[in-house]
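Okay, structure first, notes after.
The values are calculated or read from the model by the stated rules, or taken from the named source; none is laboratory data. Bear in mind that the values here come from a model prediction, so they are computed numbers and not experimental data. Note: ideal-geometry Cβ built from the backbone for every residue, glycine included; neighbour counts use all protein chains shown.
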Amino acid sequence: MPELPEVEIFRRYFDETALNQKISKVHVLHPKVVETPSIVEEIEGHSFESTQRWGKNLFVHTSGGKTLNMHFGMTGYLEYYHHSLEIPKYARVVFDFESDYHLGYISKRMFGRIGLIESIETYTKDKGLAGDAMQIELASFKNNVLKRKKNVKAVLLDQGTAAGVGNWIADEILFQSRIHPTIPSQSLADEQIDTIYSHMQGIIQTAIDTQSVREDLPPHYITKYGRKTTITCPNCGNNIEKTVVAGRGTYACETCQHA
């Protein structure tokens, strides 16, 4: 599932390809993913002017004053292509530009959503999103962690703690912080939350820098070795068995991460 690093990569890709071109046509190929039925008439004839990301959401401001929201669900991504090429197989919405290029919103399993919003502030408030994980201040993050009565992994996955953290990032944060995912968040010391916060931002930045390619992550990251039934801890060499915490597949070293 695209998490914050992937969506930031999509945002940069969008900036490099689709900005400042007049949109001649909008094709809604699968209405299921479209949350705003008027998207065609609201977008056609205008251009995309700038982008902004908040957690896993990509927002695109248009010359007509509208703001487009893209959420990528489980399998979503963007593809910019020339008219001489075939439309991508799982394109659900396609924007035609006068330049004879197209931008496809791809969603194989159609869990993604695309639509127009009134404002980013209103949208994030209505969705209960905390500050973006790369921008939230430590004091706010600490308050969000301590006020939730769940295990620390569930708290990290909660988008009301820091928007953008998903399953593999939560596992990596806790592994690098040497904190077991089942520990109650309210029992964490200030120093532990400081460590989680620092690793959260460092891991996300590393993922962005490596284009979120698992094999290019540092050797001390457990994510580098995949999401298999069993992996070897890069620190102590013991096996890490896949378990379930907060309803999600979870990797934690019982030797290195203290419960």
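Structure notes:
- Taking the range 249-259 as the range and being out of contact with any Leu (no Cβ under 7 Å at 6 or more places or on another chain) and within 13 Å of residue 171 (Cβ to Cβ) as the test, the residues that pass are 249, 250, 251, 253, 256.
- Inspection of the range 210-220 finds a residue satisfying the criterion of being at pLDDT below 95, hydroxyl-bearing (Ser, Thr, Tyr) and closer than 12 Å to residue 169 by Cβ.
- First in the range 17-34 and within 14 Å of residue 49 (Cβ to Cβ), second anywhere and β-branched (Val, Ile, Thr), Cβ under 7 Å, 6 or more apart: 23/43
- Identity of the residue in the range 236-259, hydrophobic (A, V, I, L, M, F, W, C) and assigned to a strand (DSSP E or B), that ends up surrounded by the most Cβ atoms within 10 Å (Cβ to Cβ): 240
- Counting the residues of the range 120-156 that are crowded, with 22+ Cβ neighbours inside 10 Å and touching a strand residue (DSSP E or B) at 6+ places or on another chain (Cβ under 8 Å) gives 3.
- Close pairs from the range 131-155: first farther than 20 Å from residue 176 by Cβ, partner in a helix (DSSP H, G or I) and of a type outside the set (Asp, Glu), Cβ under 7 Å, at least 6 apart: 131/140; 146/185; 146/186; 148/155; 148/185; 149/186; 150/185
- Checklist (1) in a strand (DSSP E or B); (2) in contact with an Asp or Glu (Cβ under 8 Å, 6 or more places away or on another chain) applied to residue 88, failing item: (1)
- Filtered by the rule that a residue be of a type outside the set (D, E, K, R), assigned to a helix (DSSP H, G or I) and loosely packed, with under 14 Cβ neighbours inside 10 Å, the range 187-203 gives 187, 202.
- Answer residue from the range 78-91, given it is surrounded by fewer than 18 Cβ atoms within 10 Å (Cβ to Cβ) and aliphatic (A, V, I, L, M) and is nearest to residue 26 (Cα to Cα) among those: 87
- Qualifying residue in the range 204-222 (condition: assigned to a loop (DSSP other than H, G, I, E, B), over 20 Å from residue 138 (Cα atoms) and of a type in the set (Phe, Trp, Tyr)): yes
- Residue in the range 210-229 that is surrounded by fewer than 17 Cβ atoms within 10 Å (Cβ to Cβ), touching a Gly at 6+ places or on another chain (Cβ under 7 Å) and under 23 Å from residue 135 (Cα atoms) present: no
- Residue satisfying all of: in the range 157-178; under 13 Å from the mean Cα position of the chain (by Cα) and in a helix (DSSP H, G or I); surrounded by the most Cβ atoms within 10 Å (Cβ to Cβ) among these: 170
- Single residue of the range 35-55 satisfying the filter (in contact (Cβ under 8 Å) with a residue 60 or more places away in the chain and touching a helix residue (DSSP H, G or I) at 6+ places or on another chain (Cβ under 9 Å)) that is surrounded by the fewest Cβ atoms within 10 Å (Cβ to Cβ): 52
- When every residue of the range 92-106 is checked against the conditions, none turns out to be within 30 Å of residue 181 (Cα to Cα), among the polar types (S, T, N, Q) and surrounded by fewer than 18 Cβ atoms within 10 Å (Cβ to Cβ).
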